[in-house]
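Inspection log for the structure reproduced underneath, given as structure tokens.
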């Protein structure tokens, strides 16, 4: 049985300009001990999905209007807030993209990690501090015993991101949601965080939901991949399948448009058009205005995720005709 | 003859002293050594990339080349004229006609109170090139050329209404208005969505061929560098580490920092097992850079010499320069 | 490094269309605007719409409560209060707008230059501004008016000259933050001169803050003028709500309408300008981020 099962999740934002269907029928699963990479660009809904799982969607203007989120056997959408607070931090934990805004600037980092332990595991201050130092060592912060007395502004960006991960992992959650853990960092620091996450994946029994727009990181870290676009899942499969035989036109185009270190290209294959407007998305398949395989039928019906081969799900009504056309 | 020659360029930013003696003491407490002696040449029609992480000084160099920040030392020579010694306003305007810049953040580089027509037309107005109907038609032509069609519908709209990719195109149109020879591009695609990046890079490539442009590209993204550059210079803490033609740099990187940068890039290939060498520690502060080789504190192969003597930037064959004792 | 959206940007960049759209949705602000306009119309047409001559004393009709002929009653001299209210609007709005106008006309250029150029220029100017800010304004006004008399012009000038420092401070802050923005650097790299950058690039963005501030200053100036008149320091020949309140002091027991109506008017005007200013401010700085 999967650790986390998200079924037809819908999260809408009711704004003065209209309804933003940020997450519009998203379904995926995360198995125990596995890493799921949720890949998408801006307005894909990947971050809102994570916030929905944690029930941290600001209400108003946001609201989870439909679907089901099962953590084990618990339906996260039906528990009350008090119960959810117990789950947050202990069973599911999240780390965020911009560490500076998510760390309290006037509290020492050791104390911030200890806070979660005190609340969820009922430790007293001394044991919590000790556990906090251990958590810092787990995320490979050098000289953790001295660092725990630092304030966030005294640490570098990479260190702060590690602190966020330490806070999230301190209570050994079943699921770690890492929201863009490398995006705001320098290249070499990104690599060190990536290696850290790989190490954590091997050592801990936690599952990881990795949210990112970086297809390189997903390839190196994830076991399964879920590609999101405009609030919907376009493709879902194991990481090997997605990269070796991408099913959805969006996935294919995305992979082809990446400037890579290996190939010698003169011109990149780019995707036409822009990311769609969140309030009035295209009719039918959200990707059809930019899709080189689009037909008239693509404007009418919204494609559902179909299992086109074992463990490989694609939301495209023209999937069968894709290989015939020149990619 | 190189179109741009930068020699021993330095920029030190003074740190504010927060004491009562502000007025009395002229010398500030310390300096941020953003750029500490960088030299390079760019030939016409090339794409020369400056690569580095935070604190490398690459953006500061770009701004000194664009005559926006004054160097502490060294000179910038554009087409045989030292741009910081230009006398008259006309000469400076003349330089501006020849060198333009594309900025990183498409959401901040366009005046939110101006229409697209005004933004792209500003260069025409300032240099008094044309007005009225001719101005409008030239602006429309530029917009169409960068892929914003139909131009007539774009002119009167406010820049705020456009997406990131479209705004970057507006910025490019503005940069091209005066038909410059040199375009300095500061992280032109870093803030854009992945699917849009290829569009803009392709556009820049097309424009380079069509208008005979020379690009000075500032970036931290080595995949972009590999795709567009002819020459690459790797910077660290304001000093050059390596300079080589693109192919050379990627095939046989010689500096440990360059190798670290290349190995750090995530590969979109799940089957590859990557052995990474990650330099220990973090980027030191540019206020007090390490003595000797700036990178020695993090270098796995550093020797005692590296801590005391800064290596020279030497040609190791084929115009491939490295600053390393190894 | 690659995503600039999370960089804390204090100033939000707005387009005119979006600004008015947001403003219109704020009912209170629109209400404030309408009331303000109503008052302005009242002031302009005071001579036409007043049923009586506001100076006309009629000792036969002293302290009449509100009635069909005198909708707001009469005061101790038998003067029609409604007419006096209408005429009083002129003074209040005149002083309000003029003071805010002077403050803006002086404060905006001073603050802009100080903020844009920085360095020595900024230091010197800000010391000057600090001197003004240190002076307790109300007592300065009392002093000046006691010495030079309380003519309308004096009051206007004094209020204006003591409120420009806050506008200057505000504009300085706006310019300090805007001059670092990319689009300003882009303008420089195109060759735009300093003057044009200040006027054409930054000012249209920064002026919003000054407008909001001016709105609040009008309210403040009206309050100050009313207070001065109430204390007897205003222009005795003019009709001012403050003076009306002063007259109403002794008779507040027997003829409360003498005090209620002027007081109500002052409150209403001040509230409406504050709502207007608040609405402008909210339209300028949206608090909700929708993403």
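The values are calculated or read from the model by the stated rules, or taken from the named source; none is laboratory data. Everything quoted here is computed from the prediction, not taken from an experiment. Cβ sites come from the backbone with ideal geometry, for glycine too, and all protein chains shown count toward neighbours.
For this structure, a couple of remarks:
- Qualifying residue in the range A:136-150 (condition: closer than 25 Å to residue A:44 by Cα, touching a helix residue (DSSP H, G or I) at 6+ places or on another chain (Cβ under 6 Å), in contact (Cβ under 8 Å) with a residue 40 or more places away in the chain and surrounded by 24 or more Cβ atoms within 10 Å (Cβ to Cβ)): no
- The set of residues from the range B:138-148 being surrounded by fewer than 19 Cβ atoms within 10 Å (Cβ to Cβ) and in contact (Cβ under 8 Å) with a residue 24 or more places away in the chain comprises B:138, B:147.
- Of the set (1) without any contact (Cβ under 8 Å) to a residue 60 or more places away in the chain; (2) part of a loop (DSSP other than H, G, I, E, B); (3) more than 10 Å from every other protein chain (Cβ to nearest Cβ); (4) in contact with a helix residue (DSSP H, G or I) (Cβ under 8 Å, 6 or more places away or on another chain), all apply to residue A:166 but (2).
- Number of the condition not met by residue B:195 [criteria: (1) assigned to a helix (DSSP H, G or I); (2) in contact (Cβ under 8 Å) with a residue 60 or more places away in the chain]: (2)
- Note on the range C:152-180: residues that are more than 20 Å from the chain's Cα centre (by Cα) and without any contact (Cβ under 8 Å) to a residue 40 or more places away in the chain amount to 1.
- The sole residue among C:74, C:89, C:137 that is under 21 Å from the mean Cα position of the chain (by Cα) and buried (at least 20 other Cβ atoms within 10 Å of the Cβ) is C:89.
- The range A:172-201, subset in a loop (DSSP other than H, G, I, E, B) and within 11 Å of chain B (Cβ to nearest Cβ), residue farthest from the chain's Cα centre (by Cα): A:186
- Residue that is touching a residue at least 24 places away in the same chain (Cβ under 8 Å), more than 30 Å from residue A:145 (Cβ to Cβ), more than 14 Å from chain B (Cβ to nearest Cβ) and crowded, with 20+ Cβ neighbours inside 10 Å, where the choices are A:109, A:39, A:48, A:65: A:48
- Counted as qualifying within the range C:51-161 are the helices (runs of 4 or more DSSP H) with 2 or more residues that are within 18 Å of residue C:226 (Cβ to Cβ) and touching a helix residue (DSSP H, G or I) at 6+ places or on another chain (Cβ under 8 Å), namely C:81-117, C:137-148.
- Tally of residues being surrounded by fewer than 17 Cβ atoms within 10 Å (Cβ to Cβ) and either closer than 28 Å to residue B:15 by Cβ or within 11 Å of another protein chain (Cβ to nearest Cβ) (or both) across the range B:291-302: 1
- Within the range A:169-197, considering residues that are free of Cβ contacts under 8 Å to residues at least 24 places away in the same chain and touching a helix residue (DSSP H, G or I) at 6+ places or on another chain (Cβ under 6 Å), the one nearest to residue A:91 (Cα to Cα): A:191
- The residues in the range B:208-222 that are surrounded by fewer than 19 Cβ atoms within 10 Å (Cβ to Cβ) and on the phi < 0 side of the Ramachandran plot can be counted, and the count is 4.
- For the residues A:271, A:211, the requirement of being under 30 Å from residue B:161 (Cα atoms), at the interface with chain B (Cβ under 7 Å from one of its Cβ atoms) and either assigned to a loop (DSSP other than H, G, I, E, B) or touching a helix residue (DSSP H, G or I) at 6+ places or on another chain (Cβ under 9 Å) (or both) singles out A:271.
- Residue count for the range B:251-270, restricted to those that are free of Cβ contacts under 8 Å to residues at least 60 places away in the same chain and facing chain A (nearest Cβ under 7 Å): 8
- Filter result for residue A:236 (within 14 Å of another protein chain (Cβ to nearest Cβ) and under 22 Å from residue A:23 (Cα atoms)): no
- Every residue from the range B:210-223 that is within 11 Å of chain A (Cβ to nearest Cβ) and without any contact (Cβ under 8 Å) to a residue 40 or more places away in the chain: B:221
- For the range B:147-189, residues that are assigned to a loop (DSSP other than H, G, I, E, B), under 23 Å from residue A:269 (Cβ atoms) and in contact with a strand residue (DSSP E or B) (Cβ under 7 Å, 6 or more places away or on another chain) total 2.
- Taken over the range B:190-207, residues that are modelled with pLDDT of 90 or more and either touching a strand residue (DSSP E or B) at 6+ places or on another chain (Cβ under 8 Å) or surrounded by fewer than 20 Cβ atoms within 10 Å (Cβ to Cβ) (or both) amount to 7.
A quick yes/no check of all residues on (1) within 10 Å of chain C (Cβ to nearest Cβ); (2) farther than 26 Å from residue B:200 by Cα; (3) in contact (Cβ under 8 Å) with a residue 60 or more places away in the chain; (4) under 21 Å from the mean Cα position of the chain (by Cα):
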residue	(1), (2), (3), (4)
B:64	no, no, no, yes
B:91	no, yes, no, no
B:96	yes, no, yes, yes
B:111	yes, no, no, no
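- Qualifying positions in the range B:122-137 - assigned to a helix (DSSP H, G or I) and touching a residue at least 40 places away in the same chain (Cβ under 8 Å): B:122, B:123, B:124
- Residue in the range B:229-238 that is surrounded by fewer than 16 Cβ atoms within 10 Å (Cβ to Cβ), at pLDDT 85 or above and more than 14 Å from chain A (Cβ to nearest Cβ) present: no
- Residue check, residue A:255 outside any loop (DSSP other than H, G, I, E, B), at the interface with chain B (Cβ under 8 Å from one of its Cβ atoms) and over 29 Å from residue A:172 (Cβ atoms): yes
Table: residues versus (1) under 30 Å from residue A:151 (Cα atoms); (2) touching a strand residue (DSSP E or B) at 6+ places or on another chain (Cβ under 7 Å); (3) within 14 Å of another protein chain (Cβ to nearest Cβ); (4) part of a helix (DSSP H, G or I).
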position	(1), (2), (3), (4)
A:8	no, yes, no, no
A:32	no, yes, no, no
A:69	no, yes, no, no
A:79	no, no, no, no
A:97	yes, yes, yes, no
A:101	yes, no, yes, yes
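- Subset of the range C:185-215 that is more than 28 Å from residue C:279 (Cα to Cα) and more than 7 Å from chain B (Cβ to nearest Cβ) - its residue that is farthest from the chain's Cα centre (by Cα): C:193
- Of the listed requirements (1) in a loop (DSSP other than H, G, I, E, B); (2) touching a helix residue (DSSP H, G or I) at 6+ places or on another chain (Cβ under 7 Å); (3) over 28 Å from residue C:202 (Cα atoms), residue B:50 misses just one: (1).
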